[in-house]
Structure formats: C-alpha cells, structure tokens
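Worksheet: the structure to be examined is printed underneath.
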Amino acid sequence: MKKQVTVLMSTYNGEKYLRQQIDSLLDQEGVEVDIRVRDDGSTDQTLSILDEYQQKGLLHYYIGENLKTARSFLQLVLDSPESKYYAFSDQDDVWNKNKLNRAISLIEEHESMTEMPVLYAGSFKMTDQNLRGIPGGEGHFTTQTFANAIVYSCCTGCTIVMNKSLRDYLKSKPLPQHMLMHDDWVHKVCLGVGGKVVFDSKPMMLYRQHGNNVDGGIHSIKDKINKVLSERRKNARIMTTQLKELLSLYGNQLPEKNKRLLTHALAYGQGSLMKRLNLAFDPTYAIKDKASLNHEFRISLLMNYW
C-alpha cells in the first residue's frame, strides 16, 4: 500500500513556474499524494492554472485573504484534512521523484508507539531560474536540539515533511501572532514538545532562485545571518516575542527540561547586560561547529534586539 501524504502549497503570483512544480509533485513515486493549495491573493494567471488542475481532479485549492507566506502556510496546516504525513511545497521548485518516499522512510525509522512528533528536513540543490546549478549551491544543515532552536531554527520550509503527530500539535493551536517564518515556528514546536528532527544531507529537490521569489534567496550562512539581523532590527525583540508565544501556547506540553531552557533564555535575554552576556556565552545553547550563528546570537543579545 502506498504511503499517504498531503502536500500543502501556498501560491502567490506563481504562474511562471507553477506547472513544473505541480507536475513534479504528481510524479512522486511510492506515495499517494493529495495536493492542497491555498492561494494568497494572486493577480496573475495562477488561479487559472490551479483551476485547470483541479478540474482534472489532480489537486484541491481555495482562495484566502493575503496573509503573507508564513501565516498562509500555517493556515494550510489548520485547514488540512486527515492524513498520515504532510509536506510543505513552494510554488517554483522541482522535486526529485523519490523526495517524499525517502522522507517518509526516514521519518518511519524514528516513529514509535507513542506517536512522537517527527519532522524531516533536507538539503537541496540551488539553481537559477532555468534549473542550472549554482556553484556552491549545495549543502545545508538543520539544528536538532531545542536549545539550539532557541538560538536559531535552521530549517528550510520547502524541504519539510512531518508526521500526523506534529501536524496535530500545530493544528490544536491558533495562528501565532509573532514568528519569523513558518518553518522556524514548526521546527521550534517540534523540538519544544519533545519531538525529533531528522536531517537528510542528500539533496532531493531543485531550489529555484529567481527575481520573483516570495521568500527564500541565497541560503549561505552569511546571507541568512544578514536577513535575520535585518528582520530583528526592524522588529526589535522578535525572537523574544516569538519564544514568549511558544511558551504561552505550548507551555503545558513542553517537557520540564525544555521549559527550563526556554524560561531561562527568556529571563536572561530580557535581563541586564550581565545576564545577556551570560546567556550569549552559555555553552548549553551554542550550536556546534557553527560559529557564525553563535556570533549572530551574541550580537543580537548584546545590542538588545534579540
């Protein structure tokens, strides 16, 4: 029996590359794919393309108010039907035919009778708009402990596949008001409630870079740091407010160890300069072999916009 997976896609003015991505979803091997699309207010031919596929019974779509990428994806989770597995999909990439089958197989290795939340995150090959490889555009990593996720949730949304247990945690709560991105939030929730993150270093998709990407861009560590620093300057203390909301929504479901890690980070991150210094150099939270991410965390703490 084929494994059932619901693919959740948010679209916005994606007419140029949408067909190619949908076709790569329909070409997935070894799985039964149910494509659910939420359009976030497109004004180009995106809706016509979606309607064409829906008329053929190949996907289901609906139109929502413009929530922007992060909230649109989480709204898809709240609206999602029952399924064993769920995956996020951007509108402009191309997936390897075995992407979902491989992801689910790796998730199954870590699932248990307790229905522990499990999140798969993978690497990718970055390409230009014509799917030609970009030099140095391979390789990625994902933080895999909750302490590290407090510092930085390195997890690329378009690679995410999750089991029903994690989806149920997400679906049980309202849309968060404060978050950097949907992948950041999902990653934090998974690890926070005691779930497992599985990272796959084998690239299983082509991550297209082009001038009209709604979100994304070059995923070098330097570029990601610059983006996050920019966001934190514009939205002072966005990490603090996001973590406060995580504690508010999931506090009763966090294992005691994770709750202590979170409350300690919040108390010291909002404290005096000395407390912020203590948190900045606390080895408990340091990300192994990723000095650049640790530096960014320390800078944001010392400048008091973490």
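Rule-based calculations on the coordinates, nothing more; no lab input. On a predicted model such as this, the values are computed, not experimentally measured, just so you know. FYI the Cβ positions are ideal-geometry reconstructions off the backbone, even for glycines, and counts take in every protein chain you see.
Quick check: pseudo-label points 7 Å beyond the Cα along Cα→Cβ at residue 111 and residue 48, how many nm apart are they?
4.1 nm
Give me P(r) over region 1-57, computed from all C-alpha to C-alpha distances, binned every 5 Å, as integer percentages.
All Cα pairs considered, the percentages come to 4, 17, 30, 25, 13, 7, 3, 1.
Among 83-89, 31-37, how do they line up from the highest to the lowest mean number of other beta-carbon atoms within 10 Å?
On the way: 83-89: 22.3, 31-37: 19.1.
So the order, starting with the most tightly packed, is 83-89, 31-37.
As a test, work out the antiparallel percent of DSSP beta bridges whose residues both lie in the chain, rounded to the nearest 5. List each step's numbers first, then the result.
Working: 9 of 35 bridges.
Of those bridges, close to 25 percent are antiparallel.
Calculate one ³J(HN,Hα) per residue across region 189-205 by plugging θ = phi - 60° into the Karplus curve 6.51 cos²θ - 1.76 cosθ + 1.60, and present them in order as whole Hz with x for glycine and proline.
Values per residue, Gly and Pro as x: 4, 4, 5, x, 7, x, x, 10, 10, 9, 9, 10, 7, 7, x, 10, 7 Hz.
If you place +1 on the Cβ of every Lys and Arg and -1 on the Cβ of every Asp and Glu, how big does the dipole about the Cα centre of the chain come out, in debye to the nearest 20? Let's see the in-between values first.
Numbers: 39 positive and 35 negative charges, 248 e Å.
Magnitude of the dipole: close to 1200 debye.
Within 10 Å of each candidate Cβ there may be at most 11 other Cβ atoms; applying that plus a DSSP loop requirement, which trypsin sites (Lys or Arg not before Pro) in region 118-211 survive? Before the final figure, lay out each step's value.
On the way: sites: 125, 132, 164, 167, 171, 188, 196, 208; in loops: 132.
Sites meeting the loop and neighbour criteria: 132.
Identify which of 40, 200, 79 has the largest mean-square fluctuation in a Gaussian network model of the chain, with springs joining Cα atoms closer than 10 Å.
79
Let me check I have the definition right: for the chain, take the eigenvalues of the Cα gyration tensor, multiply each by 5, take square roots. What are those semi-axes in whole Å, largest first?
Details: eigenvalues 203, 90, 68 Å².
Calculated on Cα positions only, the semi-axes equal 32, 21, 18 Å.
Using the Karplus curve 6.51 cos²θ - 1.76 cosθ + 1.60 with θ = phi - 60°, what ³J(HN,Hα) values do you get for each residue of region 170-180, in whole Hz, with x for Gly and Pro?
With the stated coefficients, region 170-180 comes to 5, 5, 7, 10, x, 4, x, 8, 10, 7, 6 Hz.
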